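Since the structure comes first, as structure tokens, the remarks are kept for the end.
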Amino acid sequence: MLVVNVLSCGVLMLCWARHVSHGQQLMPDHNPAMTVSHHAPHNAPCFVDDIFAALRDGVGNNGELTNGSLTLFGICTVSDSSSGSVLLELAKETSRNQRNGLEVLHPTGVLVAEEDDGETLMLTFDLPPSPLLKLNPVLLLAFESPFKGGDVDVTFTSQSLQLNTQSACISGGTEYILLTGNASEGTLHQKWRISVETNSPDMKKSLKDILIGGKPGSNISIIPLLLFSGGTGTDTRHTHVSSSFPASSQTFSFLCELKRFLGDVLPNDHPESPPLQLDSFPSMPPLSLGLSSSETLLAGLINSSSPTVFCFPRWGSISQGHPGQLAMSSALVEEVRQRLEQIGMQIMELIREKEVGHRATERLERLKDFSTLPTKELAAGESQYRAFLLLKALQTVARVYELQRGLRATRADPSNPVRGNVCGLRSLTVSLERRLVGPNTANINNCQGSCAFPLTNANNHAVLLHFYIESGNTDERPPCCVPVAYDPLEVVDLNEDGTYLSIKPDLVAKECGCR
């Protein structure tokens, strides 16, 4: 007896909605070579939204596919008109209306059969009633984790595919495979049976790694998605975004775009130390960020210089009542609008200076579109919410770069004692738990260097202690270079009850002294 996990097609694709799987039993006694992949729901934040961003970013400024895009989507050559044209069409579709016209389905059944010549992938979809197709359906195979094998050429054969046979070139940089469906007479296939073969018998192990991780009965290594464009009537099971995420699908997409933007522009320092669990640090009582938030609280946060991270403590626990709105006065909204415009220009200059890339610029422009605050009327609560979070994020980015610039200037100044081994502030980056949307690291700084006379930023006790030890009393501890002033870390938590700000005091060192 074999077991197939049947996934609710309206659930798995929702990055922050609750994931549920059900069991269904099959008895394929006629095929002893059959193995089942228990296709567990993918619980990564923004999983589907990241796919749409990859599709949108797959085309360069000149409207052509880049070499990186070919590798990312397993396209063998630029002349591969089938896969290349599909990617171009999907890129246009996702850019045109922020993916509003593109539907996503996850399979209700996934089965892998081992055969003599290769593997067979069998997928079952719960299709919407009579979709009005605007483009041929596309089967997208997303890798569960980076492919670690060598380069593999794979051939897919199925009556459900356009032209029945399509190829893909898979390497270490491949994250997705695009296969064009054969929508005969404008209809979608409910069941897909696809034969998968490699061009070399020696590659069968790599092929098995691609499909089932190389272990019969293990979790499938790819996540199939069916993409199509068109109307699906009023059946809400097949929508691609969740009405249960904060306030609207625009807020959902905004937060995913914010995650990608922060990943692009923040320094890629990845310490090898274990990630710090922020819940283990004492904090002030959480402050609600919602319609009931006071003007004093919001104004104080706008003027705060503390770094901010954005955290989703419990993936999949966002409820329908999650309030992604603020109710700021017109004066405070105008203050946010002006500050957002100013810091937006500052960050644009930093992006060009750091040569981060045009993707970061495009992401920032999209974030600003999501967070537009009108000048002639009071902005809606959702727009206020997004603009406020964007301002806090950009303030954090600006602070990170200002700190880096200050540390470089200090080290380069020959007259500054920190240039030598004298007590001073040094950069120290630590890993944060992966549940954070961004940033995933924090620069908490540290103090290093000697406390030789004249002591750096010393108090009377440190001065007297120094002279006492210099007089020959070596049994006492000499003055040490330690932090003497700190900034807090602000953590924006989104959970099933709403949006909250947790302030972790004394977490970021900002001044050193000999004590």
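Would it be correct to say that ASP493 is closer than 30 Å to SER288 by Cβ, at pLDDT below 90 and assigned to a strand (DSSP E or B)?
yes
Out of the residues in the range 49-62 meeting the condition of being part of a helix (DSSP H, G or I) and touching a helix residue (DSSP H, G or I) at 6+ places or on another chain (Cβ under 9 Å), tell me which one is surrounded by the fewest Cβ atoms within 10 Å (Cβ to Cβ).
Here the answer is ASP50.
Among the residues of the range 240-249, is there at least one that is surrounded by fewer than 15 Cβ atoms within 10 Å (Cβ to Cβ), under 30 Å from ILE210 (Cβ atoms) and at pLDDT below 70?
No.
For the range 411-485, give me every one of the strands (runs of 3 or more DSSP E) that falls completely inside it and has 2 or more residues that are modelled with pLDDT of 90 or more, touching a strand residue (DSSP E or B) at 6+ places or on another chain (Cβ under 7 Å) and over 30 Å from CYS46 (Cα atoms).
By residue number, 446-448.
Which of the residues belonging to the range 421-439 are in contact with a Leu (Cβ under 8 Å, 6 or more places away or on another chain) and surrounded by fewer than 19 Cβ atoms within 10 Å (Cβ to Cβ)?
Selection gives ARG426, SER427, VAL430, SER431, GLU433.
State which residue is surrounded by the fewest Cβ atoms within 10 Å (Cβ to Cβ) when the search covers only the range 331-370 and only residues that are farther than 18 Å from ASN303 by Cβ and in contact with a Phe, Trp or Tyr (Cβ under 7 Å, 6 or more places away or on another chain).
LEU350
Determine whether LEU291 is surrounded by fewer than 18 Cβ atoms within 10 Å (Cβ to Cβ) and either modelled with pLDDT of 70 or more or under 30 Å from GLN384 (Cα atoms) (or both).
So LEU291 fits the description; yes.
Does any residue of the range 253-275 turn out to be free of Cβ contacts under 8 Å to residues at least 60 places away in the same chain, out of contact with any strand residue (DSSP E or B) (no Cβ under 7 Å at 6 or more places or on another chain), polar (S, T, N, Q) and not in a loop (DSSP other than H, G, I, E, B)?
no
Which ones in the range 276-288 are surrounded by 12 or more Cβ atoms within 10 Å (Cβ to Cβ) and in contact (Cβ under 8 Å) with a residue 60 or more places away in the chain?
Selection gives LEU276, LEU278, PHE281, SER283, PRO286, LEU287, SER288.
Among PRO483, PRO488, which is the only one that is of a type outside the set (A, V, I, L, M, F, W, C), under 18 Å from ASN421 (Cα atoms) and assigned by TED's automatic domain parsing to the domain that holds GLN404?
Result of the check over PRO483, PRO488: PRO483.
The values are calculated or read from the model by the stated rules, or taken from the named source; none is laboratory data. If you're wondering where the values come from, they're calculated on a predicted model, not measured in any experiment. Neighbour counts are summed over all protein chains in view; Cβ atoms, including those assigned to glycine, are modelled from backbone coordinates with ideal geometry.
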